[in-house]
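I have placed the structure first, in the form of structure tokens, so that the comments after it can refer back to it.
Values quoted throughout were computed directly from the atomic coordinates according to the rules given, and no laboratory measurement underlies them. All figures in this text were calculated on a predicted structure; none of them were measured in a lab. Virtual Cβ from ideal backbone geometry, glycine too; neighbours counted across all protein chains shown.
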Amino acid sequence: MGISFNAEEILGIAVQIERNGQKFYKQAASNIANEEHKKLLEELAAMEVAHEKYFSGMLNSLSPDERGTKDYDLDNEAAGYLKNVADGNVFDYRKDPTELLKGIESIDDILRTAIGMEKESVVFYSGIRQMVPEHMGSERIDEIIKEELSHISLLSRELIAVGK
């Protein structure tokens, strides 16, 4: 018996990750003096709100199968990975992202930190994707991964733009 997760659990984590992103960008915006950079960070925070609503909508539209029960095998390698995630050893989505900010970061530093956080999200969702059976909403996880990859692309473009 292998470990599996349903889309409901993963979408709940996705919602929290987006809340963390929003909190990070709002705090970063309040720490930065440059009005253009402040506006960019406020726009990024607003995008995180939109992403949270998107994932919440996905969560609310799940079918009973996608909310289905799971089988657990605590000796499974996947279970070990998720235990490490849950303990915050791999990727701690519960950690306050504003702790990464000291209030002296440049816009470059902020965008690079944000890109790193988005990359961690993609790695997390990609790892968890293989544990979500198709009938439990694995295609929903694919949607989350695509959305997170689009965040990385946007942040990378912004990093290039502010460097000019």
Can you go through E118, E139, E143 and tell me which one is under 16 Å from Q16 (Cβ atoms), among the charged types (D, E, K, R), assigned to a helix (DSSP H, G or I) and out of contact with any strand residue (DSSP E or B) (no Cβ under 8 Å at 6 or more places or on another chain)?
E118
Mind counting the residues in segment 48-61 that are without any contact (Cβ under 8 Å) to a residue 40 or more places away in the chain and part of a helix (DSSP H, G or I)?
7
Residue satisfying condition, being under 22 Å from E52 (Cβ atoms) and surrounded by fewer than 14 Cβ atoms within 10 Å (Cβ to Cβ), within set E139, E134, E158
E139
Residue tally, condition buried (at least 16 other Cβ atoms within 10 Å of the Cβ) and farther than 20 Å from H151 by Cα, over segment 102-131:
2
